[in-house]
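Step one of this worksheet: look at the structure below.
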Amino acid sequence: MIWNPNKECMSREQMRELQGKRLHKIVEYVYHNVPFYRHKLQEMDLSPDDIRTIDDIVKLPFTTKKDLRDNYPFGLQAAPQSEIIRIHASSGTTGNPTIVGYTRKDLSIWSECMARSLTAYGVGRNDIFSVSYGYGLFTGGLGAHNGVETVGASVVPASTGNTEKHARLIRDLGVTGIACTPSYALYLAETMDRLGITRDQIKLRVGAFGAEPWTENMRKEIQDRLGLKGFNLYGLSEIMGPSVSYECDEQHGSHINEDHFFPEIIDPVTLEPLPAGQTGELVFTTLTKEGMPVIRYRTRDLCSLLPGECPCGRTNVRMSAIQGRSDDMLIIRGINVFPSQVESVVLTMKEFAPRYMLIVDRINNLDTLMVQVELRPDVFSATLDTPAAIDELEKRFAAKLKSVLSIGAKVQIKAPGTLERSEGKSTRVIDKRKLY
Ligand code: ADP
Ligand code: ZN
């Protein structure tokens, strides 16, 4: 099923024409309503009339997270406060949080995008769907919630926390779908194990997972443990929230709602646009947003746009899985290391639970990397009862890591349940170099 074939299956020419028209309108709108953009365009000697087709987008300036912070809280808002009916904020761990105001029309477009995603996952009126993203300032909870109501499924606004109660509700209500972070899905699976809730007692069929990077191995692990099919759901508050893009049944990249959010991939260093298929930083321009539109917003997420048609019938361009954030990337002894690379190794080893932590330090002017990983409870009690067995496993793990990361790492194998759990986005890196 496709929620809105008119918009999800347009011909490429029609789509580009629509995007061009909308781009012109949005540039005109921010020019007149946001002094920040007006000044930037004036500095570049650009007027809205210079932007006529979607190809003209490369003439426009970029917007960064710093611009949003510098204009905290409402400096980039284009609509008058009387038109704003909802305010969200992103986490803001490194400075002022980013504040995003939505008009009624923004919220209705967001619900529509979320409905497109859920429909692509096969969710419909007969589903009972639990939203276990955090409700509150974070966009995940309310964003997914409104989408579930739009498709007409029964929403269970579980949020995060109280996981035991939630696990029982999933069983008792016959919940068929869930939206949460992939790490929360695993935490839920662990909780169900602990409570003795088995796969045949639950009816989960669909998972909408996002808000943090995850790998194919992690997908497999979640699917096996919860007995559902897990779909990717991508989004960020600066652009809208969850459902900027979504996977279809083919699960080969996530279709972007590009009638509303125009994507580009740029080289994060030279800022030059990169051709389809190449990995770089994802940049979005909101084409229809009223509350806080952004022009060429640098997401810092690294991925590629996948060329070619999708067998599902949707023509919207697809993006690959996020390979990391440009600000997530660790540079250790000059080598680029992403936490997702460590995850991919952890998940290929059957002895380990999908829990790990990277600890980076600088000792005697030399960067060091330590990877901690947790054993699965069954392995812990059954086979790994001698120091020699642990030693062998450590060596095997260190060798695999080295071949993937190209640098050596110390490894530490931890007992089950000892690494910190998270209910929202998980923290997987402690970079002590930044703490000195
Ligand atoms: P922040 O984390 O910057 O405070 P948000 O809460 O809006 O902002 O989270 C958006 C970010 O979460 C994205 O930029 C991206 O890095 C990450 N993210 C969201 N969905 C996914 C996904 N499906 N896969 C990978 N990363 C994701
Ligand atoms: Zn598709």
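Of note:
- Comparing 182, 377, 263 in a Gaussian network model of the chain (Cα springs below 10 Å), the most mobile by mean-square fluctuation is 377.
- Spin-label pair residue 200/residue 44, simplified geometry with 7 Å Cα→Cβ offset, distance in nm: 6.2
- Rounded to the nearest 10 Å², the accessible area of residue 404 at probe 1.4 Å: 60
- Using alpha carbons only: equivalent-ellipsoid semi-axes of the stretch 1-118, gyration tensor based, whole Å: 26, 23, 13
- Using the alpha-carbon positions of the stretch 220-373, Rg (one decimal) and Dmax (whole number) come out as 17.8, 57 Å.
- Rolling a 1.4 Å probe over the protein heavy atoms leaves residue 406 with an accessible area of roughly 80 Å².
- Contour minus Cα-Cα distance for residue 52 and residue 223 (0.36 nm per residue): 57.0 nm
- Relative protection proxy for 295-302, 324-331, from highest mean packing down: 295-302, 324-331 (other beta-carbon atoms within 10 angstrom).
- q = 0.11, 0.19, 0.22 Å⁻¹: log10 I(q)/I(0) that the Debye formula gives for the stretch 337-431, counting C-alpha atoms only: -0.31, -0.91, -1.18
- Relative contact order of the stretch 1-76, pairs being alpha-carbon contacts under 8 Å that are 6 or more residues apart, as %: 32
- Student exercise, the stretch 68-139 dipole from Lys, Arg, Asp, Glu Cβ charges, in Debye to nearest 20: 80
- Accessible surface ranking that places the most exposed of 214, 3 first, with a 1.4 angstrom probe: 3, 214
- Protein-only accessible surface order, largest first, of 414, 21 at 1.4 Å: 21, 414
- Of all accessible heavy-atom area on the stretch 337-431, the percent that carbon and sulfur account for (1.4 Å): 55
- Figure legend: label point modelled 7 angstrom from the Cα of residue 396 along Cα→Cβ; residues of the stretch 339-361 with amide N under 14 Å from it are 346-353.
- DSSP-defined antiparallel bridges as percent of all bridges, the chain, nearest 5: 65
- Extreme residue, positive dipole direction of the chain, given options 141, 117, 72 (C-beta unit charges): 141
- Net charge dipole size for the stretch 314-436 [Lys, Arg +1 and Asp, Glu -1 on Cβ; Debye, nearest 20]: 460
- Under the convention that each Lys and Arg Cβ holds +1 and each Asp and Glu Cβ holds -1, the size of the dipole of the chain around its Cα centre is about 600 debye.
- Taking a span of 27 Å or more along the helix axis (Cα atoms) and a mean Kyte-Doolittle hydropathy of at least 0.5 as the rule, no DSSP H helix of the chain qualifies.
- Inter-probe distance in nm under a simple model that places probes 7 Å from Cα toward Cβ, at residue 427 and residue 327: 1.6
- Rounded Å value of the spacing that divides the Cα centres of the stretch 225-240 and the stretch 330-355: 21
- With the charge dipole of the chain set up from +1 on Lys and Arg Cβ and -1 on Asp and Glu Cβ about the Cα centre, the Cα lying farthest toward the positive end among the listed residues 330, 60, 356 is that of 356.
- Mean Cα-pair separation over length for the stretch 5-327, i.e. relative contact order, pairs under 8 Å, 6 or more apart, %: 18
- Max mean-square fluctuation residue, GNM over the chain, Cα-Cα springs under 10 Å, options 192, 44, 357: 44
- All-pairs Cα distance distribution in the stretch 5-327, expressed in whole percent, bin size 10 Å: 6, 27, 34, 22, 8, 2, 0
- Working note: 222 nm ellipticity from helices only, DSSP H runs with n ≥ 4, each -39,500 (n - 2.57), summed and divided by the residues of the chain, gives -10000 deg cm²/dmol to the nearest 500.
- For the stretch 337-431: relative contact order, % (alpha-carbon pairs under 8 angstrom, 6 or more apart): 36
The values are calculated or read from the model by the stated rules, or taken from the named source; none is laboratory data. Bear in mind that the values here come from a model prediction, so they are computed numbers and not experimental data. When we count neighbours, we look across all protein chains shown, and the Cβ atoms used for this are built from the backbone with ideal geometry, even at glycine. These area figures cover heavy atoms from the full protein model, side chains too; ligands, DNA and RNA do not enter into them. Shrake-Rupley method; radii C 1.70, N 1.55, O 1.52, S 1.80 Å.
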